[in-house]
Amino acid sequence: MILKGEQLAAHLERELRPLYVLYGDEPLLVLEAADAIRARARQQGYGEREVLTVLAHFDWGQLLAAGGNLSLFGDKKLIDLRIPGGKPGKEGSAALQQWCQHLSLDNLLLVTLPELDWREEKAVWFTTLANAGVVLKLNAPPLAELPGWIAGRLRRQQQSAEMDSLKFIAERVEGNLLAAHQEIQKLGLLYPPGPLSAAQIRDAVLNVARYDIDSLREALLGGDIGRLARTLDGLQQEGEAPPLVLWAMSEEIRALAAIRGGLDGGRPLELLLKEAKVWGPRQMAVKKALQRLSAATLEAALRHAGRIDRLVKGIGQGNPWEEFLRLGLALCAGKRPAARAALGGPFRSQA
């Protein structure tokens with residue numbers, strides 16, 4: 001079954017399937033869809049959750065084992081399978097096809113992928129998933145449709161705006177849905193429900209926050225501990241949503257882990273950067289981060305992010321903001337000679 005993003009809420013009200021696949025070019029939409037599925041699963045008794053991230057040398061036996069391990073408390077289990085590289089490989093393809101042959105309501109499999117091209121959408125493993133479960137392709141709306149998307153988000157918080165104001169917001173965020181989401185949240189915090197004037201929107205949108213998600217990502221990649229700490233503190237004080245902070249940090253870690261794994265496997269850096277959709281000035285920041293971070297450090301960071309994800313969802317004890325800082329400090333740590341040497345001669349000449 002193939003659904004559009006806007007159909008998911010109604011679908012989850014009617015039923016919950018044992019297999020969901022989310023993919024697309026817009027991380028915010030993928031994150032929100034995954035959160036909605038996880039929330040519905042918890043309501044339906046899926047009290048246990050296991051996160052599996054497919055990096056280099058991933059053992060696909062873990063997936064099949066996760067489905068066979070019964071909870072000590074009799075809870076149903078949600079298995080959160082993330083494939084940041086977008087391709088499961090021969091072993092993964094076989095494992096996913098085998099999983100689809102034995103679907104069970106005791107195990108809900110949520111597969112998250114990046115944007116896929118038409119060839120990957122035609123692959124046997126993907127068509128098998130699509131035929132067995134529910135697939136959502138979550139791409140950002142074209143710029144011409146963005147004002148309508150913004151209007152829909154404003155309606156969720158019982159606000160509205162004229163078309164000229166909606167176009168103004170769309171132009172300011174330049175098609176970036178995460179930035180648009182932040183501006184919409186800001187309007188909800190600043191003004192009560194009801195129509196918003198053009199002046200209110202301009203004042204809010206042009207008053208750019210000193211601390212933002214982009215600054216956090218830059219500090220993380222640059223290893224700037226002071227800026228990272230200040231940015232996290234500012235985001236917390238401004239009431240930023242922890243899931244968005246976690247998303248921003250996790251996306252950088254996943255990209256770094258995928259590139260690091262490719263480098264360790266002897267693949268060309270420039271190809272890996274392209275596959276990870278790292279463009280322009282961000283390439284230099286990513287290269288700098290790779291010089292100090294090993295595969296082991298990045299894998300540990302992904303596990304840490306998984307623990308924070310549970311805290312954000314109210315599972316376990318701890319302060320997500322304190323954990324954000326701990327995670328950031330680990331990633332801003334000093335250079336590791338082994339990791340730097342693994343980059344090889346060609347990389348040093350490019351950096």
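The values are calculated or read from the model by the stated rules, or taken from the named source; none is laboratory data. As the structure is a computational prediction, the values presented were derived from the model and not from experiment. Ideal geometry is used to build each Cβ from the backbone, glycine not excepted, and the neighbour counts take in all protein chains shown. With ligands, DNA and RNA removed, areas are computed over all heavy atoms of the protein, side chains included. Shrake-Rupley method; radii C 1.70, N 1.55, O 1.52, S 1.80 Å.
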Report summary line: Residue hits (the range 161-199; closer than 16 Å to GLU145 by Cα and not in a helix (DSSP H, G or I)) are ALA161, GLU162, GLU174, GLY175, ASN176
Requested in this report: Please verify whether the range 25-36 includes one or more residues that are under 18 Å from TRP99 (Cα atoms), in contact with a Gly (Cβ under 7 Å, 6 or more places away or on another chain) and either in contact (Cβ under 8 Å) with a residue 60 or more places away in the chain or open to solvent by 50 Å² or more (accessible area, probe 1.4 Å) (or both).
Outcome: no
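Looking at GLY86, GLY67, which one is open to solvent by 10 Å² or more (accessible area, probe 1.4 Å) and out of contact with any His (no Cβ under 7 Å at 6 or more places or on another chain)?
Working: GLY86 fails: open to solvent by 10 Å² or more (accessible area, probe 1.4 Å).
Criteria check complete, one pass: GLY67.
Given the criterion in a helix (DSSP H, G or I), out of contact with any His (no Cβ under 7 Å at 6 or more places or on another chain), within 30 Å of GLY188 (Cβ to Cβ) and not aromatic (Phe, Trp, Tyr), identify the matching residue among ALA130, ALA140, ALA144. Steps first, answer last, please.
On the way: ALA130 fails: within 30 Å of GLY188 (Cβ to Cβ); ALA140 fails: in a helix (DSSP H, G or I).
Result: ALA144 is the single residue among ALA130, ALA140, ALA144 that is in a helix (DSSP H, G or I), out of contact with any His (no Cβ under 7 Å at 6 or more places or on another chain), within 30 Å of GLY188 (Cβ to Cβ) and not aromatic (Phe, Trp, Tyr).
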Requested in this report: Starting from the range 318-334, take each residue that is within 16 Å of ILE253 (Cβ to Cβ) and list its partners that are open to solvent by 50 Å² or more (accessible area, probe 1.4 Å) and hydrophobic (A, V, I, L, M, F, W, C), counting only C-beta distances under 8 angstrom and pairs at least six apart or across chains.
Outcome: GLY328/ILE225; LEU329/ILE225; CYS332/ILE225
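Inside the range 93-124, can you point out the residues that are open to solvent by less than 80 Å² (accessible area, probe 1.4 Å) and in a loop (DSSP other than H, G, I, E, B)? Step through it out loud before you land on a result.
Step one: of the range 93-124, the residues open to solvent by less than 80 Å² (accessible area, probe 1.4 Å) are 93-97, 99-100, 103-104, 107-117, 120-121, 123.
Listed by number, the residues that qualify are LEU103, LEU113, PRO114, GLU115, LEU116, ASP117, ALA123.
Residues are listed down the side, and each one gets a yes or a no for (1) of a type in the set (Gly, Ala, Ser); (2) open to solvent by less than 40 Å² (accessible area, probe 1.4 Å); (3) over 18 Å from the mean Cα position of the chain (by Cα); (4) closer than 20 Å to LEU327 by Cβ:
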| position | (1), (2), (3), (4) |
| --- | --- |
| ILE225 | no, no, yes, yes |
| LEU228 | no, yes, yes, yes |
| ALA248 | yes, yes, no, yes |
| ALA257 | yes, yes, no, yes |
| GLY262 | yes, yes, yes, no |
| GLU275 | no, no, no, no |
| LYS287 | no, yes, yes, no |
| SER294 | yes, yes, yes, yes |
| ALA301 | yes, yes, no, yes |
